[in-house]
Every structure is written in C-alpha cells, then in structure tokens.
1. Taking the Kirkwood radius as the inverse of the mean 1/r across Cα pairs, report the Rg/Rh of the stretch 2-42.
2. Projected onto the charge dipole of the chain (+1 at Lys/Arg Cβ, -1 at Asp/Glu Cβ, origin at the Cα centre), which of Leu16, Ala27, Gln39 gives the Cα projection farthest towards the positive end?
3. What angle, in degrees between 0 and 90 and rounded to the nearest 10, separates the Cα long axis of helix 2-19 from the longest principal axis of the Cα atoms of the chain?
4. Using Cα atoms only, what is the angle between the long axis of helix 24-42 and the major principal axis of the chain, expressed in degrees (0 to 90) to the nearest 10?
Amino acid sequence: MKRVTAIAILCTTVLLLVSGCNTMRGAGEDIERGGEAIQRSAS
C-alpha cells in the first residue's frame, strides 16, 4: 500500500512539474536550474 501511495505522489509531482513547462526547452531549462541549485547547496 505504501508503494502505491509513493508512486501516486511521484506521478502527481511529475505531472505538476511538466505542466508548468510550456515547451521541452522550458523543461530542460527548469531541470538545469534545479541541478545548479543542488550544486550550489552542496558546495
């Protein structure tokens, strides 16, 4: 049951993130910004 809930939350999160990006280029830029933020917080 926990696995089903986790998968549902993951799918919902992905759908919300993808719906926020109007184009694939926008999605790539969002992913890049997320990676940069992770790198900044790690250093």
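Every read-out reported here was derived from the displayed coordinates using simple, explicitly stated rules and does not represent laboratory data. Source: prediction; values computed, not measured. Every residue, glycine among them, receives a Cβ derived from its backbone with ideal geometry; neighbour counts consider all protein chains shown.
1. Values: Rg = 12.8 Å, Rh = 11.5 Å.
Across the stretch 2-42, the Cα-based Rg/Rh ratio is 1.11.
2. Highest projection toward the positive end goes to Leu16.
3. 40
4. Helix 24-42 and the main axis of the chain meet at about 80 degrees.
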